[in-house]
Amino acid sequence: AEIIGDKEYATLQEAVNAAKDGDTIKLLDKVSTSTLGSPIEKNITFDLNGNDLTYSGGTVVISGNHTLAFKDSSVSSKRIGGTLILTGLSGTKSNFNPQTGASISAENINIRSTGSVFFPQGDAASVYINYCDVETAGVYCVGTNAATTGNYNVKITILNSKLVSKSSDYDNNAV
């Protein structure tokens, strides 16, 4: 079950549907889902709260000036808590695609992925990673296409984190 404020929901999808702009969905147990809602068109935070969140759907697009955030409030600021497990994609297919003006952040969590993880795309798209351990079997943990002028203002911030690509199909590229 998931909770927003003091209201509990039976499924993650119910919580996502009920979430208003700026809400935090706090996991009460480990969760598996094939949908997080895409495109994300509101500011929403998933607090893993020491639990694992397994997502097996396709690419999640974050659009507009919205932020999708993953964090773990169950640990102190310099520790890593729950794990975001991303399955179903491989190679260069990315799990999260913040587009023009949109952003994604991850703090104090582990991320394990079968595909590439973050692909910011478009003017002012951003990725922020702090105190995370990111490991992928995909080509990259964070990547963008700098050959496209529309991506020139992409901002990628990585602090206090470890990024590892274990891809065997391509040259290993963590970033």
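Compared with the alpha-carbon gap, the fully stretched path from residue 164 to residue 13 is longer by 51.4 nm at 0.36 nm per residue.
Share of the chain's accessible area from carbon and sulfur, percent, 1.4 Å? That fraction is 44 percent.
Remark on residue 54: its backbone amide H falls under 5 Å from those of 31, 32, 33, 85, a criterion applied only to residues 5 or more positions apart or on other chains, H modelled at 1.01 Å from N.
When +1 charges are put on Lys and Arg Cβ atoms and -1 charges on Asp and Glu Cβ atoms, the dipole computed for the chain relative to its Cα centre reaches about 300 debye. Taking every protein chain into account, the accessible area of the chain amounts to 46 square angstrom per residue (probe 1.4 Å). 3J(HN,Hα) couplings calculated from phi for the range 120-130 with the Karplus curve 6.51 cos²θ - 1.76 cosθ + 1.60 (θ = phi - 60°) are, in sequence order, x, 8, x, 4, 6, 5, 9, 10, 10, 10, 9 Hz; Gly and Pro show x. Only one of (i) 20.2, 63; (ii) 25.3, 85; (iii) 15.1, 47 was calculated from the structure for Rg and Dmax of the Cα atoms in Å, and its label is (iii). Under 5 Å from the amide H of residue 60 lie the amide H atoms of 96, 97, each residue being 5 or more positions distant or on a separate chain, with H modelled from the backbone and absent for Pro and chain starts. Among the listed pairs 42/166; 7/71; 42/93; 7/162; 42/78; 7/93, those whose Cα-Cα separation exceeds 25 Å are 42/166; 7/162; 42/78; 7/93. Remark: the range 109-114, residue by residue, has Karplus-estimated 3J(HN,Hα) of 9, 8, 10, 10, 9, 8 Hz, where x stands for each Gly or Pro and the curve is 6.51 cos²θ - 1.76 cosθ + 1.60 at θ = phi - 60°.
Between the exposed loop cleavage positions of the chain, defined as chymotrypsin sites (Phe, Trp or Tyr not before Pro) in a non-H, G, I, E, B DSSP state with at most 14 neighbouring beta-carbon atoms within 10 angstrom, the longest gap is 1-151.
Projecting the Cα atoms of 16, 36, 115 onto the charge dipole of the chain, computed from C-beta unit charges around the Cα centre, puts 115 farthest toward the positive end.
Here the contact order of the chain, divided by its residue count and restricted to Cα pairs under 8 Å and six or more residues apart, works out to 15 percent.
Model label sites at residue 35 and residue 124, defined 7 Å from Cα along the beta-carbon direction, differ in position by 3.1 nm. Beta-bridge orientation, the range 1-134: approximately 10 percent antiparallel, per DSSP, counting only bridges with both partners inside. Relative contact order of the range 1-50, taken over Cα pairs closer than 8 Å and 6 or more residues apart, is 37 percent.
The values are calculated or read from the model by the stated rules, or taken from the named source; none is laboratory data. Quantities reported herein were computed from a predicted structural model and do not represent experimental measurements. We place every Cβ from the backbone using ideal geometry, glycine too, and count neighbours over all the protein chains shown. For accessibility, only protein heavy atoms count, side chains too; no ligands or nucleic acids. Shrake-Rupley method; radii C 1.70, N 1.55, O 1.52, S 1.80 Å.
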